[in-house]
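Input: a single structure, listed below in structure tokens.
The values are calculated or read from the model by the stated rules, or taken from the named source; none is laboratory data. Note that the coordinates shown come from a computational prediction; the quantities given were computed from them, not determined experimentally. Every residue, glycine among them, receives a Cβ derived from its backbone with ideal geometry; neighbour counts consider all protein chains shown. In case anyone asks, the SASA skips ligands and DNA or RNA and just uses the protein heavy atoms, side chains included. Shrake-Rupley method; radii C 1.70, N 1.55, O 1.52, S 1.80 Å.
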Amino acid sequence: MAVEIERKFLVNHELWHELDKPIPNFLKQGYLSTDPEKTLRVRATNDKGFITIKGKTQGMSRLEFEYEIPKDEALALLDNFTQQNIEKYRYLITHEGKTWEVDVFKGANEGLIVAEIELSSETETFDLPTWVQTEVTDDPRYYNSRLSIEPYSSWQ
């Protein structure tokens, strides 16, 4: 059984823009189910497709099963079976031996930059990069499944 343990943080825009960054991967994703008990996500990247099933978040952990599918099938599912898709650029940044996934959102979530770190246990320690700000792990508004329904632009 696969368990995802993840913490999520907002990013300081000014410090982020000053950072040297690798070329990002473009992600387009949508949800076949946004039930908080279980989500079913479809994602297309630059060159691959994925379908992911996630269980209910408990603390920082949840069950996660991800399967690669052909990119053209992922795009067909996104076009025909999801409502509001999320588009974002994902940067993989290494800091103190840990990989941070930094998502710079586009479209209805423009202006939102979120950094996530996956851990091997809920008690694992790590150093925060200077560009990381407020932790939002426990705030459901920042779940991607929620952002597909209530985008960041609608919060103002």
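At a glance:
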{"read-out": "Dipole magnitude of region 117-156 about its Cα centre (Cβ charges: Lys, Arg +1; Asp, Glu -1), debye to nearest 20", "value": "280"}
{"read-out": "In Å², nearest 10: area of SER154 left accessible to a 1.4 Å probe", "value": "80"}
{"read-out": "Rounded to the nearest 20 debye, dipole of region 57-144 from Cβ charges on Lys, Arg, Asp, Glu", "value": "240"}
{"read-out": "Computed Rg/Rh of region 76-142, alpha carbon atoms with Kirkwood Rh", "value": "1.03"}
{"read-out": "Charge dipole of region 14-156 about the Cα centre (unit charges at C-beta), most positive-ward option of TRP100, LEU128, SER153", "value": "SER153"}
{"read-out": "Normalised contact order of the chain, rounded percent, pairs of Cα under 8 Å and 6 or more residues apart", "value": "30"}
{"read-out": "Total formal charge among the other residues, if their Cβ is under 9 angstrom from that of LYS88, Lys/Arg +1 and Asp/Glu -1", "value": "+1"}
{"read-out": "In degrees, nearest ten, helix 71-81 long axis to first principal axis of the chain (Cα)", "value": "70"}
{"read-out": "Aspartates and glutamates with Cα under 14 Å of LYS54, excluding same-chain neighbours fewer than 8 positions away", "value": "GLU4, GLU6, ASP35, GLU37, GLU64, GLU66"}
{"read-out": "The chain: projected area of the alpha-carbon convex hull, averaged over directions, in nm²", "value": "9.3"}
{"read-out": "Computed Kirkwood radius, in angstrom, where 1/r is averaged over Cα pairs of region 1-48", "value": "14.2"}
{"read-out": "Backbone HN-Hα couplings from phi across region 129-134 [Karplus 6.51/-1.76/1.60, Hz, Gly and Pro as x]", "value": "x, 4, 7, 8, 10, 6"}
{"read-out": "Estimated D of region 9-87 in µm² per second, where Rh is the Kirkwood radius over Cα pairs and Stokes-Einstein applies at 25 °C, 0.890 mPa s", "value": "173"}
{"read-out": "Accessible-area composition of region 32-84, carbon plus sulfur, in percent [1.4 Å probe]", "value": "51"}
